[in-house]
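A short write-up of the structure that comes next.
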Amino acid sequence: MVSVIKNDFLRIWEFFAWMDRARWSEDDVQYDKKTRELFNEVWGRCGINIKGENLEPDDIILAHWLTYIFDYGMPAESVWKKAFPIMAYVSYRYKRGTSWKTIMKEHVRSVKSDGANQNFEFYIKGPKDEQKFKHRFGAAHELNKAVERTLRELEEKYNKDLVTFMLEKSKGSHDDTWVKDVASALYNLTYEPDGKLSWHKRTWSALRDYLKGPLHRTYVCKALAKYQEKYPSNVLERWRKPEPYLDQLELPGDIWNLRFFENIRESYIKPLTGKDYKNNAPKAIRQIYEEVLHDEAKKRKLYPEQFDVTYDFARICKNERYMCPLGPNEVDKLCIGNLKNAQEKYCPLLASICHYFIMCNPDDCPVLKKHTQGLCKICKPLV
């Protein structure tokens, strides 16, 4: 019975690995173009006379890290649309000589929030207009201090450069630990000095972006060019080709990860771990990877962070009229893989479930091969 559960869980994992490849398949050039267009739109409206094209890769990496400070407790789309252009302008000024003290004075202000309560607002202001962003927990969680601490530390010790910081923290680390070492250092930099990193969503999400998302391919690798003489080639190469080390990444543990996790906890997690692990998806998946399925998972290039696609996937779980790929229904009938010219069309399942737009590849489709049907034990058949 346990061997059957192991095999079925590996099939679930391979399905999410397939989704994960689609999730991170965005074209680097298009990602860069959309990012800089967002900055130009906001800065142009404000009347700020710089262009997104003026930003260097390390400017955008720092802006990305600062924006992630706010990526919780609010819709992610709102955070990135409003805060990212502000942090990009902050990074531009900061990297070109403006001190952290001046940044905090000229881009953060105290405002009223929810009646008489005080909060903090981050803003940029030009001659025409201003862009502002206020997080609901800004004052309560002292997010202004997280930004201040980050900028102060980078200015005092790392030449205002987050890439230098990450290279310094990785250069003395062993291959088996360098990703985790960088994650701990980033967590200490911004969130809790000398604290112990466990599963901190924003730290793992941002670092994941630098290692496997467009941020890695577009900006981190380009930024490394200026460090050729300073760091050993093996240190730089790990950042350029991080695939062998991605199993060190932790599942961020977003609320949507946890909601899907509840669907498989009784049927898979308990039998495989012998523990309940309620509301602790990252720790459960890590134990299964390390102690239960490690050799087979490594062979199939599976690792814990791939389960983060459940952030998008779990949204269909309460819709009983949706044909879930893991349910008992014949979802392969919705698949276009057997149609002529299918490879010239987007996969309709990924487009409808998660808004991942990737061309159909019948040879790499677990749904077409019926590898996913019936794996979720709580999914109900369509009536």
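Structure data summary
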| read-out | value |
| --- | --- |
| Restricting region 154-192 to residues that are in contact (Cβ under 8 Å) with a residue 24 or more places away in the chain and of a type in the set (Phe, Trp, Tyr), the residue that is nearest to residue 230 (Cα to Cα) | 165 |
| Residues located in region 330-344, provided they are part of a loop (DSSP other than H, G, I, E, B) and exposed (fewer than 13 other Cβ atoms within 10 Å of the Cβ) | 338, 339, 340, 341 |
| Neighbours by Cβ (under 9 Å, 6+ apart or cross-chain): first from region 198-214, farther than 12 Å from residue 248 by Cα; second among the aliphatic types (A, V, I, L, M) and surrounded by fewer than 20 Cβ atoms within 10 Å (Cβ to Cβ) | 203/197; 212/246 |
| Criterion (polar (S, T, N, Q), within 30 Å of residue 168 (Cα to Cα) and surrounded by 17 or more Cβ atoms within 10 Å (Cβ to Cβ)) met by exactly one of 228, 287 | 287 |
| Residue selected from region 345-367 under the condition of a type outside the set (A, V, I, L, M, F, W, C) and over 23 Å from residue 300 (Cα atoms), by the criterion surrounded by the fewest Cβ atoms within 10 Å (Cβ to Cβ) | 355 |
| Selected residue [on the phi < 0 side of the Ramachandran plot and over 26 Å from the mean Cα position of the chain (by Cα)] from 52, 44, 97 | 44 |
| Every residue from region 73-107 that is buried (at least 19 other Cβ atoms within 10 Å of the Cβ) and either of a type in the set (Gly, Ala, Ser) or within 18 Å of residue 311 (Cα to Cα) (or both) | 79, 83, 88, 91 |
| Region 242-258 - residue that is among the aliphatic types (A, V, I, L, M) and either part of a loop (DSSP other than H, G, I, E, B) or closer than 16 Å to residue 217 by Cβ (or both) and, of those, modelled with the lowest pLDDT | 251 |
| Residue list for region 299-308, filter: crowded, with 24+ Cβ neighbours inside 10 Å and either polar (S, T, N, Q) or farther than 21 Å from residue 180 by Cα (or both) | 306 |
| Among the candidates 47, 52, residue that is small (Gly, Ala, Ser) and buried (at least 17 other Cβ atoms within 10 Å of the Cβ) | 52 |
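Rundown of residues vs (1) among the hydroxyl-bearing types (Ser, Thr, Tyr); (2) closer than 22 Å to residue 285 by Cβ, yes/no style:
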residue	(1), (2)
201	no, yes
204	no, yes
218	yes, no
228	no, no
234	no, no
245	yes, yes
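The values are calculated or read from the model by the stated rules, or taken from the named source; none is laboratory data. All of these numbers come straight from a predicted model, not from anything done at the bench. Reconstructed Cβ throughout: ideal geometry from the backbone, glycine too, with neighbour counts over all protein chains shown.
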